[in-house]
1. Starting from residues that are among the charged types (D, E, K, R), in a helix (DSSP H, G or I) and surrounded by fewer than 17 Cβ atoms within 10 Å (Cβ to Cβ), keep the ones in the stretch 119-164 and report whichever is modelled with the lowest pLDDT.
2. Criterion first (surrounded by 15 or more Cβ atoms within 10 Å (Cβ to Cβ) and either modelled with pLDDT under 75 or not in a helix (DSSP H, G or I) (or both)) does VAL238 satisfy it?
3. Could you tell me whether the stretch 11-20 includes any residue that is over 15 Å from GLY241 (Cα atoms), touching a Phe, Trp or Tyr at 6+ places or on another chain (Cβ under 8 Å), at pLDDT 80 or above and part of a helix (DSSP H, G or I)?
4. Mind checking which pairs have a first residue in the stretch 192-220 that is within 17 Å of ALA51 (Cβ to Cβ) and touching a residue at least 60 places away in the same chain (Cβ under 8 Å) and a second that is of a type outside the set (A, V, I, L, M, F, W, C) and outside any helix (DSSP H, G or I), Cβ under 8 Å, 6 or more apart or different chains?
5. Do we find that GLY245 is out of contact with any strand residue (DSSP E or B) (no Cβ under 7 Å at 6 or more places or on another chain), surrounded by fewer than 19 Cβ atoms within 10 Å (Cβ to Cβ) and modelled with pLDDT of 80 or more in this structure?
6. Which ones in the stretch 28-52 are of a type outside the set (A, V, I, L, M) and modelled with pLDDT under 80?
7. Can you confirm whether ILE251 is modelled with pLDDT of 85 or more, buried (at least 17 other Cβ atoms within 10 Å of the Cβ), in a helix (DSSP H, G or I) and aliphatic (A, V, I, L, M)?
8. Can you find even one residue in the stretch 207-216 that is surrounded by fewer than 18 Cβ atoms within 10 Å (Cβ to Cβ), part of a helix (DSSP H, G or I) and in contact with a helix residue (DSSP H, G or I) (Cβ under 7 Å, 6 or more places away or on another chain)?
Amino acid sequence: MITDIFLLLIGFVLLIGGAEYVVRGASSIAARLNVSPLVIGLTIVAFGTSAPELTVNVLAALRGSTDLAISNVVGSNIANILLVLGVAAIITPLKVKSNTVWKEIPFALLGIILLFIMGNDTFLDNTTFNALTRTDGLALLAIFIIFLYYIYSLAKNENYGAEEKVKQYNLVASSGIFIGGLIALIAGGQFLVNGAVDLATTFGVSETLIGVSIIALGTSLPELATTVAAVRQGHRDVAIGNIVGSNIFNIFWILGVTSVIAPIPFSAAINADIMVGIGASLLLFIFMFTGKRHYMNRLEGITFLSFYALYISYVVIRG
């Protein structure tokens with residue numbers, strides 16, 4: 001058991017550190033090749049923040065730990081809204097951009113609803129098993145491309161990211177940083193998946209429990225750290241947008257890629273967690289119109305944290 005916990009901790013460190021170095025190395029290479037800071041921010045940095053979840057999911061799917069693959073994404077999305085935004089709103093009330101309220105939050109809600117629809121084949125189509133198939137994955141990726149086009153148009157028109165500073169190294173150093181980060185990502189993902197599966201076996205609990213709690217919380221640590229840092233630095237208007245964008249990436253990009261690589265059997269047990277994710281997204285949208293319009297206040301942040309504590313308690317009791 002101690003070995004499994006140690007593997008989890010090492011895996012988290014390697015995943016988060018590896019993602020940081022992959023972004024740093026790739027951004028430096030792109031800057032050396034005269035790629036605009038806007039494109040770097042929208043592609044390399046954005047995809048880099050999803051690297052821990054993507055690595056865990058792909059390795060879990062290839063190993064056959066499909067419950068871990070889906071529960072990681074669902075649990076991460078729940079943690080992003082209820083935990084990360086809850087903490088951020090308690091620190092200071094959060095201002096929300098109009099585009100985030102009317103387009104991005106509904107888009108994130110659409111994503112988790114689609115996950116429920118695509119995963120419940122036996123209920124909706126009278127088939128013999130539930131799965132996220134390669135066809136589902138391709139559909140998710142197609143919608144993700146549309147979202148990327150929307151973000152590019154938005155960023156281009158409003159000049160988002162145009163002032164982003166990219167630290168440059170020479171090409172040899174940049175390549176070394178990128179490759180080192182990639183190795184750390186893969187090794188961290190292996191440690192994390194192996195530790196999680198062995199821990200679940202040791203305690204006789206489901207992979208879903210480990211996925212929606214420990215793994216989801218760990219892979220949400222980068223979002224928590226960056227959101228709290230952004231809020232403390234006064235960038236309150238981008239906090240919710242960044243978290244909602246991460247949730248959209250998790251559903252459309254990560255599950256899309258994972259299910260294309262290896263179709264994922266879908267356990268009906270995860271439906272309860274998906275419903276919590278849908279409820280959290282709906283509550284976030286409702287909060288945009290309670291109290292001060294397009295703001296999230298401290299009371300709402302406390303409400304989110306309370307719901308997250310109740311959810312984790314339910315997951316532990318459920319086993």
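The values are calculated or read from the model by the stated rules, or taken from the named source; none is laboratory data. All values derive from a computational prediction rather than experimental measurement. Here the Cβ is made from the backbone with ideal geometry for all residues, glycine too, and neighbour counts use every protein chain on show.
1. GLU158
2. So VAL238 fits the description; yes.
3. Of the stretch 11-20, the ones over 15 Å from GLY241 (Cα atoms) are 11-20.
Adding the requirement that they be touching a Phe, Trp or Tyr at 6+ places or on another chain (Cβ under 8 Å) leaves 11, 14.
Adding the requirement that they be at pLDDT 80 or above leaves 11, 14.
After this cut, where a residue has to be part of a helix (DSSP H, G or I) as well, the list is 11, 14.
Looking for residues that are over 15 Å from GLY241 (Cα atoms), touching a Phe, Trp or Tyr at 6+ places or on another chain (Cβ under 8 Å), at pLDDT 80 or above and part of a helix (DSSP H, G or I), one finds at least one in the stretch 11-20, hence yes.
4. That search, which allows pairs on different chains as well, returns VAL193/SER65.
5. Details: out of contact with any strand residue (DSSP E or B) (no Cβ under 7 Å at 6 or more places or on another chain): yes; surrounded by fewer than 19 Cβ atoms within 10 Å (Cβ to Cβ): no; modelled with pLDDT of 80 or more: yes.
Here the answer is no, as GLY245 does not meet what is asked.
6. ASN34, SER36, PRO37, GLY41, THR43, PHE47, GLY48, THR49, SER50, PRO52, listed by residue number.
7. On the way: modelled with pLDDT of 85 or more: yes; buried (at least 17 other Cβ atoms within 10 Å of the Cβ): yes; in a helix (DSSP H, G or I): yes; aliphatic (A, V, I, L, M): yes.
Yes.
8. No, the conditions are met nowhere in the stretch 207-216.
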